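*Asks:* Let me give you the structure first, and then I'll get to my questions.
The values are calculated or read from the model by the stated rules, or taken from the named source; none is laboratory data. Note that this is a predicted model, so its numbers are computed, not measured. Here the Cβ positions follow ideal geometry from the backbone for every residue, glycine too, while neighbour counts run over all protein chains shown. These accessible areas exclude ligands, DNA and RNA; they are computed on the full protein's heavy atoms, side chains included. Shrake-Rupley method; radii C 1.70, N 1.55, O 1.52, S 1.80 Å.
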Amino acid sequence: GGVFLVPVLIGTIKKNFILDSGAGEVNISNELELVLKQKGVITKNDYLQIGLYRIADGSVQACRRVKLKSISVGGFIVKNVTASVGGFDTPLLLGKSFLNKFKKWTIDNSNNSLILER
């Protein structure tokens, strides 16, 4: 469908996220937030101030924010990644709060892969 899906591991939960370099932060759904809380990956101490986000249709939405202790993609583990929490139907987005932790990242269109460089 014209998007790149990236397998992401948060705690013991593996989900496919949409690579979205236009998203300022990683975005998780309420559903994934609940699972991560049940597994102890997110605790009340991990929550940050509410954030305001301009979404694709131009409207502004207030969302909870959480600091994820670590996210694993491929062989890389990235610590302390800020994520916004959207609704239950919100897509999982791998945004700039993850990508900016790397010196360089590129997409290899010949084999549909994300290349991360520290």
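*Asks:* Using the heavy atoms of the protein chains and a 1.4 angstrom probe, tell me the accessible area per residue for the chain in square angstrom.
*Replies:* Normalised by residue count, the accessible surface of the chain is 60 Å².
*Asks:* Something else about it: What does the accessible area of residue 101 come to, in Å² to the nearest 10, when a probe of 1.4 Å is used?
*Replies:* My reading of the accessible area for residue 101 is about 90 Å².
*Asks:* Only four residue types carry charge here, +1 at the Cβ of Lys and Arg and -1 at the Cβ of Asp and Glu. Report the dipole size of the chain about the Cα centre in Debye, rounded to the nearest 20. Each step should come with its number before you reach the end.
*Replies:* Numbers: 16 positive and 9 negative charges, 114 e Å.
In total the dipole reaches around 540 debye.
*Asks:* Considering the Cα trace of region 1-68, what is its radius of gyration and what is Dmax, both in angstroms?
*Replies:* 13.1, 37
*Asks:* Quick check: net charge around residue 69, other residues with Cβ under 11 Å of its Cβ, Lys/Arg +1 and Asp/Glu -1? Write out the running numbers ahead of the final one.
*Replies:* Values: positive: 67, 79; negative: 46.
Residues near residue 69 contribute +1 overall.
*Asks:* Give the carbon-plus-sulfur fraction of the accessible surface of the chain in %, rounded to a whole number; probe 1.4 Å, heavy atoms of protein chains only. The partial results should precede the final answer.
*Replies:* Working: 3590 of 7040 Å².
Carbon and sulfur: 51 percent of the exposed surface of the chain.
*Asks:* Starting from the exponent 0.38 and prefactor 2.2 Å, build the expected Rg for region 64-115 from its residue count and divide its actual Cα Rg by it.
*Replies:* Working: Rg = 12.6 Å, N = 52, 2.2 N^0.38 = 9.9 Å.
Here the Cα radius of gyration is 1.27 times the empirical estimate.
*Asks:* Please arrange 19, 52, 5 by accessible surface area, largest first, computed with a 1.4 Å probe and ligands excluded. Please report the intermediate quantities before stating the final value.
*Replies:* Working: 19 25, 52 135, 5 110 Å².
Correct descending sequence by accessible area is 52, 5, 19.
*Asks:* More than 18 Å apart: what percent of Cα pairs in region 8-118 qualify?
*Replies:* Details: 2885 of 6105 pairs.
Result for the distance tail: 47 percent.
*Asks:* A further question follows. Through the Karplus equation 6.51 cos²θ - 1.76 cosθ + 1.60, θ set to phi - 60°, convert the phi angles of region 94-108 into ³J(HN,Hα) values in whole Hz; use x for Gly and Pro.
*Replies:* In residue order, the calculated couplings are 9, x, 5, 5, 8, 4, 5, 7, 10, 5, 8, 9, 9, 10, 9 Hz.
*Asks:* Check each of the GluC sites (Glu not before Pro) in region 14-109 and keep only those in coil by DSSP with at most 10 other C-beta atoms within 10 angstrom; list them in order. Provide the component values of the computation, followed by the final result.
*Replies:* Values: sites: 25, 31, 33; in loops: 25.
Listed in order of number, the matching sites amount to none.
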